[in-house]
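Presented below is the structure to which this report refers.
The values are calculated or read from the model by the stated rules, or taken from the named source; none is laboratory data. Quick caveat, the model's predicted, so the values are computed rather than measured. So basically every Cβ, Gly included, is an ideal-geometry build from the backbone, and we count neighbours across all protein chains shown. Side chains are part of the model used for accessible areas, which takes the heavy atoms of the whole protein and leaves out ligands, DNA and RNA. Shrake-Rupley method; radii C 1.70, N 1.55, O 1.52, S 1.80 Å.
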Amino acid sequence: MRKIWLLGLLIVSMLSACDKDNNEVAPGERPDERLNQVLGEYKSQLVNAEHGWKATLFPEGGSGYSFLFDFAENDRVVTRSDINAGAATALESTYRLKAAQRPSLLFDTYTYLHILADPDATKSGGEWGQGRISDYEFSFDTVSPDSMVLTGNYNDSRLVLVRATADEAENYISRVNEQAQTFENINNFTLYFKQLEVGSQTFDITVDTDLRNITFTYNDGSGVRTFTTSYYFTPEGLTLLQPFVSGNLTITTLQDLQYNAFRNRITLTVNGTAASIEDTAAPATVDPQTARAFYNNPPNGAFWRTIDGFTVEGVVDAFNVGSITNLDIITLYIQASPPYDGLIFWTTDGEFFGPALRSRITNDGRIVFTYGGDFGTTPEQAAPMVNATREQLTIPEGYYVIRTGPSTYDLVSAKDGKAWISFQ
């Protein structure tokens, strides 16, 4: 009996030893070891790209921005970008790879990526408190020998890296910036309306070069339509994030951009076809309902506001309303005192003044204002600015009303397209 018991004990010991041998984790197979190995491989790939990486960042807030990264073994990275003119200058910062929930690449000191994520709107050009809704910490999604796709850890921005060539290391950002600067000459046009002509088709376009948004306005045969998308620049031109489709025409890129300052004209190609952008005094397409929508639906049912007053021939705040002492805000107050509307200037000390207006909407989609007296008493110092604004606002031709966003509109002189005022 004792021999049987000893034999059983020996068998159990042997089985236990076998289990221990089978379950023992081999060197390099622990999860943390495997993760560190992956991070090491990713870093080696980043560092060993002889000419660096060209990249495009697509912030969650829209549009796209180009970069050139050169990663070094000592956790330093040199960055160039097309965010602004100054960003073409090389900036050195630090980076590291980290084992977060997923293998991650962190740019952990301030670089051009941080500008887009900066909550200070004066730096990012985005919204206060959130910037362009972008990232500077990313998780690896897909990796191949010559490319990497990463996703922002906080705002889901997408960063696409592609191994650069020797020529791109030298010229990529400069060529992107050249295309950007060429296209942004559209801001030098002195008339409000810009029209893109492709073959026999013409589209009104509105461009926000700060946020890199473009809006196409066109008539599809059943009514006036608008289409808005973001864009980014490449060495070949401009690429739309979402293609614009009108009938049998699909526009994905605007390429071969050239600016003619004498004619205020940008020439380009669309799908290999010669095209152009020029400014004009009137829109190609007018939606007669837009003026009514603007007038009948002010924010909170009460008023629209403007920050700079009129832009005239590209000059912002042409009547210098920003110099009015203690000026707080300017409002277009709908039915301020029926039947009058009012362009009312408010000061920080609670005073208000400005012209009373009667408004009418024409059948062809214009809004026309006539002067009907004054609200409050205009201070002597403010009178030249207020009077100039009133005289411009009450031109007999009135204004085309152009919707520029979900709750923003521009009123554009129907006389000559040279003056406009933006409301939100």
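How far is the Cα center of region 125-164 from the Cα center of region 375-424, in Å?
Each part's Cα centre sits 41 Å from the other's.
If you take the beta carbon distance between residue 263 and residue 300 as r and set R0 to 51 Å, what does 1/(1 + (r/R0)^6) give as a FRET efficiency, to the nearest 0.05?
That pair, residue 263 with residue 300, gives E of 0.70.
Could you tally up the Lys pairs in the chain with alpha carbons closer than 17 Å? Skip any pair fewer than 8 positions apart unless they're on separate chains.
4
Can you give the FRET efficiency to the nearest 0.05 for residue 293 and residue 73, using r as the Cβ-Cβ distance and R₀ = 56 Å?
0.40
For the chain, give the magnitude of the charge dipole about the Cα centre (Cβ charges: +1 Lys/Arg, -1 Asp/Glu; no others), in debye to the nearest 20.
For the chain, the charge dipole is close to 920 debye.
Within region 329-363, which residues have the backbone N less than 11 Å from the label spot 7 Å out from residue 371 along Cα→beta-carbon, could you tell me?
355-356
Given that just one value was derived from the coordinates, which of (1) 24.4, 75; (2) 20.9, 68; (3) 30.0, 120 is Rg and Dmax of the Cα atoms in Å?
(3)
Can you compute the label reach from residue 327? Point 7 Å from Cα along the Cβ direction, backbone N cut-off under 17 Å, restricted to region 359-396.
375, 377-394
Can you figure out the FRET efficiency of residue 271 with residue 142, using R₀ = 30 Å and their beta-carbon distance, to the nearest 0.05? All intermediate terms of the calculation are to be shown ahead of the outcome.
Values: r = 30 Å, r/R0 = 0.99.
Efficiency computed from Cβ-Cβ geometry: 0.50.
With a 1.4 Å probe and every protein chain left in place, work out the accessible area per residue of the chain in Å², rounded to a whole number.
Heavy-atom accessible area per residue stands at 50 Å².
Can you grab the distance from the C-alpha centre of region 71-109 to the C-alpha centre of region 219-274, Å, no decimals?
Taking the Cα centre of region 219-274 as reference, the centre of region 71-109 is 32 Å away.
May I ask which residue of 335, 111, 68 lies farthest towards the positive end of the charge dipole of the chain, with charges of +1 (Lys, Arg) and -1 (Asp, Glu) on Cβ and the Cα centre as origin?
335
Using the Karplus curve 6.51 cos²θ - 1.76 cosθ + 1.60 with θ = phi - 60°, what ³J(HN,Hα) values do you get for each residue of region 388-397, in whole Hz, with x for Gly and Pro?
Karplus values, whole Hz, x for Gly and Pro: 5, 5, 5, 4, 5, 5, 9, 4, x, 6.
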